[in-house]
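The values are calculated or read from the model by the stated rules, or taken from the named source; none is laboratory data. Bear in mind the structure is a predicted one, so any value in this text is a computation, not a measurement. Neighbour counts are summed over all protein chains in view; Cβ atoms, including those assigned to glycine, are modelled from backbone coordinates with ideal geometry.
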Amino acid sequence: MPDTAIDSARLLRSPNWYRGATRWTQLTLAEDDPVKFDVDEWIDVFRRTGSNAACLSAGGYVAYYPTKVPYHYRSKWLGDSDPFGALVDGARALDMHVMARVDPHAIHDDAATAHPEWVAVDAAGNPRRHWAYPDVWVTCAYGDYNTQYMPEIVREIVRDYDVDAVFANRWQGHGICYCESCAKKFRDASGYNLPQASDPADAGWRAWVAWRRERLTTMVVDWDRAVQAIRPNASFIPNMGGASLMEFDLATIEAHCPFLVVDHQGRHGLEPMWMAGRNAKRIRATFRDRPVVLITSVGPEEPVHRWKDSVTTGPEMTSWIADGAAHGMLPWFTKFNGVIPDPRWISPVADGFDLHAKIEAALTATEPACEIAILDATTTLRLHDWQKRDAAEADEKGFGHALIEAGLAFEFVSDHAMTAAMLDRFRVLILPNARCLSDAQCALISDWVKRGGSLVVAGESALATEEGVARDECGLADVLGTRLTAAPRGPVKNTYVELSGTHPLNAGYNGAQRIIGGLRLVSVAAEAGTETPFLTVPDFPDLPMEEVYPRLAATDPAAVTRETEAGGRTVHIPWNIGATFWEVLAQDHQRLIENAVRWALNGPSMVEVTGPGVLDIAVRTAPGACLVTLVNLTNPMMWKAPIRNIYPVGAHEVSIAVPDGITAASAQLPISGKQAKVELREGRAIVTVPGIEILEAVYLTWKEPG
């Protein structure tokens, strides 16, 4: 293994302190914790989990230290104690890095009475009581409370305590605030009144999205400057969701946020386990080299049914941590309430942190390397309210799951950070449903195809401008070899696509003449020089049952393929195959997505894995080295949390492409700590992994020729 493990203690209080903060404990205190929780018990948790960094509740909604800022509400149980200070001292005694957590999203009656302008207002003009605890008030995120008052609290914490950063939770607001200040500032900036609903087709809504982005970005800068004016090596670190980067000016975030924190604390509903690693790939699509932390909750994550002071199963926690770590995310666990009535979470967290520690050196020595990228459609998604964004990502999630089932590693490219050099890293780019793209973005992709890149396009991609205005023609028609003949329509029932001819795209269907179609359809015509391996069967009634038969022959293309003069390939699937697969999970759709991507690759992937079960695969390289991480997703509960037991899988053969001229290579399995036999064959190194519980990795090294 490479000798590149990070020396965390050496980086204490240095400008690069955050690079030593690789395993985090977050303790979010409850108001009565000052008289109930045991500081020494938590210092022991720091030790047991191998944490080298801590994020600790300091202030904002409730102060856990003797604050002197007016209207900064102290815990009623604080007395003469200083629980925040005691935790900071205990963590520093273990040579840990420390962040102070603040939460500005609510205030108490005294502050609301003295400063009614701090309170958010709903669309009916009413000050907003807290939705979960009506005794307090929701704050306006875009006015004086966050821009003037909270920096006073931040400065007090940074001045009085030995911390490396201030971390803010729930600081971005909760929807539109209709207070007089927001209404005037927005109108002065945009000329519009505040929108009454989230509607991407409404120019006023789009203007509010842009205005909010400007306000939040300015806030990050101001809070960061407030911190650094007192401690030059410290920072303000905003808490973010998996897609939150689209809400900020990227140059500003790059200048002020040395690392990024993703608050996707676990699965909910039918989310698969690979969603943990997806967070890493989405952040990397914008900031490839920036450290990223993934928060994991020790309790179940359900947005409707909330049990925040609870414990989920150990395998669930460890697997979530492991999948994030395998894709390069630094692990962080959070516990709500300082009292520990149920300690069953401690060992699983320690196990997950230990898995990260075993691959940390190899992760540090390598960087992500992949041939397949999915376009992260931020230009489209930023027009959706955050509550509706999950549904808008269904096409991308469907493609992602299909690739994982296929054993194909993939990364993301962000369309608002896309460059020619970034695209040139990949052989295949997938657009699951990037509806809104600017002319410049379309030109970047088209030029890349003309340089030899291969493109898979689905759904309504490139059918609208960056403002959401419908185009008369697909913005990528010049490279796809298709022409729009009718606007998108749907949802449609009882649709089918028919296999046409013999082509690698329709291989493996064992004599089937047609398969399930999509829910939203785009009508296109195929130009010369293309093939149409699937045709659309015109939809027909689904009731009465006697009427369930096709009326017309299939003639319109349902999949169009093209081989380009530059040596690349394109596939156009003009219906929402990704979202339909995500909802229905029809194996035929997974096969079509896999066939399309493998045909576009035009050869084997740089890493091919064969064996039983479902694995989430990530690939990283360095000169003379390749790291392949393998997360075992095989479980009867893989589609619904919590995983109750781990089901190990048997031997897998990992085939890795190596440079020409390599005559010898060695492989280590970091998790099991064993050496593996390597067979070199036809430009590839073949390594057998005997078995995988939650995580295993192959670290292959060789001497470069010459």
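Out of 183, 120, 114, 207, which single residue is among the hydrophobic types (A, V, I, L, M, F, W, C), farther than 23 Å from residue 55 by Cβ and surrounded by 22 or more Cβ atoms within 10 Å (Cβ to Cβ)?
On the way: 183 fails: surrounded by 22 or more Cβ atoms within 10 Å (Cβ to Cβ); 114 fails: surrounded by 22 or more Cβ atoms within 10 Å (Cβ to Cβ); 207 fails: surrounded by 22 or more Cβ atoms within 10 Å (Cβ to Cβ).
None of the other options fit; the residue is 120.
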Conditions (1) farther than 20 Å from residue 486 by Cβ; (2) more than 32 Å from the chain's Cα centre (by Cα); number of the one not met by residue 568: (2)
Considering residues of the range 455-485 that are within 19 Å of residue 535 (Cβ to Cβ) and among the hydroxyl-bearing types (Ser, Thr, Tyr) only, the residue surrounded by the fewest Cβ atoms within 10 Å (Cβ to Cβ): 485
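Taking residue 224, is it closer than 30 Å to residue 14 by Cβ and assigned by TED's automatic domain parsing to the domain that holds residue 62?
Working: closer than 30 Å to residue 14 by Cβ: yes; assigned by TED's automatic domain parsing to the domain that holds residue 62: no.
For residue 224, the condition - closer than 30 Å to residue 14 by Cβ and assigned by TED's automatic domain parsing to the domain that holds residue 62 - is not met.
Could you run through the range 50-102 and say how many residues are closer than 26 Å to residue 145 by Cβ, out of contact with any Cys (no Cβ under 7 Å at 6 or more places or on another chain) and either not charged (D, E, K, R) or not assigned by TED's automatic domain parsing to the domain that holds residue 360 (or both)? It would help to see each step written out before you state the result.
So in the range 50-102, the residues closer than 26 Å to residue 145 by Cβ come out as 55-78, 82-85, 88, 98-102.
Right, trim to out of contact with any Cys (no Cβ under 7 Å at 6 or more places or on another chain) and you get 55-78, 82-85, 88, 98, 100, 102.
So of that shortlist, the ones also either not charged (D, E, K, R) or not assigned by TED's automatic domain parsing to the domain that holds residue 360 (or both) come out as 55-67, 69-73, 75, 77-78, 83-85, 88, 98, 100, 102.
The qualifying residues number 28.
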Subset of the range 408-427 (residues that are outside any loop (DSSP other than H, G, I, E, B) and touching a Lys or Arg at 6+ places or on another chain (Cβ under 9 Å)): 411, 412, 413, 414, 420, 422, 423
Only listed residue being β-branched (Val, Ile, Thr), surrounded by 17 or more Cβ atoms within 10 Å (Cβ to Cβ), under 25 Å from the mean Cα position of the chain (by Cα) and not in a strand (DSSP E or B), chosen from 430, 445: 445
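Results for (1) surrounded by fewer than 17 Cβ atoms within 10 Å (Cβ to Cβ); (2) in contact (Cβ under 8 Å) with a residue 40 or more places away in the chain; (3) farther than 22 Å from residue 289 by Cα; (4) not assigned by TED's automatic domain parsing to the domain that holds residue 293, shown as yes or no for each residue.
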{"residue": "339", "(1), (2), (3), (4)": "yes, yes, yes, no"}
{"residue": "342", "(1), (2), (3), (4)": "yes, no, yes, no"}
{"residue": "350", "(1), (2), (3), (4)": "no, yes, yes, no"}
{"residue": "353", "(1), (2), (3), (4)": "no, yes, no, no"}
{"residue": "356", "(1), (2), (3), (4)": "no, yes, no, no"}
{"residue": "378", "(1), (2), (3), (4)": "no, yes, no, yes"}
{"residue": "382", "(1), (2), (3), (4)": "no, yes, yes, yes"}
Single condition residue 503 does not satisfy, out of (1) touching a residue at least 12 places away in the same chain (Cβ under 8 Å); (2) under 34 Å from the mean Cα position of the chain (by Cα); (3) surrounded by 12 or more Cβ atoms within 10 Å (Cβ to Cβ): (2)
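So in the range 486-495, with the set limited to residues that are more than 25 Å from residue 529 (Cα to Cα) and of a type outside the set (A, V, I, L, M, F, W, C), which one is surrounded by the most Cβ atoms within 10 Å (Cβ to Cβ)? It would help to see each step written out before you state the result.
Quick first cut of the range 486-495, residues more than 25 Å from residue 529 (Cα to Cα) only: 489-495.
Right, trim to of a type outside the set (A, V, I, L, M, F, W, C) and you get 489-491, 493-495.
Working: 489: 11, 490: 15, 491: 10, 493: 12, 494: 14, 495: 22.
My answer is 495.
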Residue, farthest from residue 199 (Cα to Cα), within the range 466-477, restricted to residues that are modelled with pLDDT of 95 or more and touching a Ser or Thr at 6+ places or on another chain (Cβ under 9 Å): 476
Top-ranked residue in the range 207-242 [being touching a Leu at 6+ places or on another chain (Cβ under 9 Å) and within 16 Å of residue 173 (Cβ to Cβ); ranked as modelled with the highest pLDDT]: 208
Failed condition for residue 262, given (1) closer than 26 Å to residue 1 by Cα; (2) touching a Ser or Thr at 6+ places or on another chain (Cβ under 9 Å): (1)
Matching residues in the range 617-652 - criterion: being exposed (fewer than 15 other Cβ atoms within 10 Å of the Cβ) and touching a helix residue (DSSP H, G or I) at 6+ places or on another chain (Cβ under 8 Å): 644, 645
Every pair of residues 6+ apart whose Cβ atoms lie under 8 Å, when the first sits in the range 548-569 and is in the same structural domain as residue 523 (by TED's automatic domain parsing) while the second is modelled with pLDDT under 95 and of a type in the set (Asp, Glu): 548/542
In the range 658-675, the residues that are crowded, with 18+ Cβ neighbours inside 10 Å and outside any loop (DSSP other than H, G, I, E, B): 665, 667, 668, 669
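Looking at the range 92-116, which of the residues that are assigned to a helix (DSSP H, G or I) and within 35 Å of the chain's Cα centre (by Cα) is farthest from residue 160 (Cα to Cα)? Please lay out each step first, then the result.
Filtering the range 92-116 for residues assigned to a helix (DSSP H, G or I) gives 92-93, 109-114, 116.
Applying the additional criterion that residues be within 35 Å of the chain's Cα centre (by Cα) yields 92-93.
Details: 92: 15, 93: 17 Å.
Applying the filter and picking the extreme gives 93.
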Leading residue by the ranking (modelled with the highest pLDDT) among those in the range 186-204 that are among the aliphatic types (A, V, I, L, M), assigned to a loop (DSSP other than H, G, I, E, B) and surrounded by fewer than 16 Cβ atoms within 10 Å (Cβ to Cβ): 197
Test: residue in the range 80-91 that is of a type in the set (A, V, I, L, M, F, W, C) and outside any helix (DSSP H, G or I): no
Out of 187, 159, sole residue that is in the same structural domain as residue 97 (by TED's automatic domain parsing) and over 26 Å from residue 263 (Cβ atoms): 159
Scan of the range 578-632 for residues that are hydroxyl-bearing (Ser, Thr, Tyr), part of a strand (DSSP E or B) and farther than 24 Å from residue 358 by Cβ, ordered by number: 610
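Listed here are the residues, each with its yes/no results for (1) in the same structural domain as residue 405 (by TED's automatic domain parsing); (2) within 21 Å of residue 370 (Cβ to Cβ); (3) modelled with pLDDT of 95 or more; (4) in contact with a Pro (Cβ under 7 Å, 6 or more places away or on another chain).
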residue	(1), (2), (3), (4)
518	yes, no, yes, no
522	yes, no, yes, yes
543	yes, no, no, no
575	yes, no, yes, no
588	yes, no, yes, no
594	yes, yes, yes, no
Checklist (1) within 20 Å of residue 409 (Cβ to Cβ); (2) at pLDDT 95 or above applied to residue 675, failing item: (1)
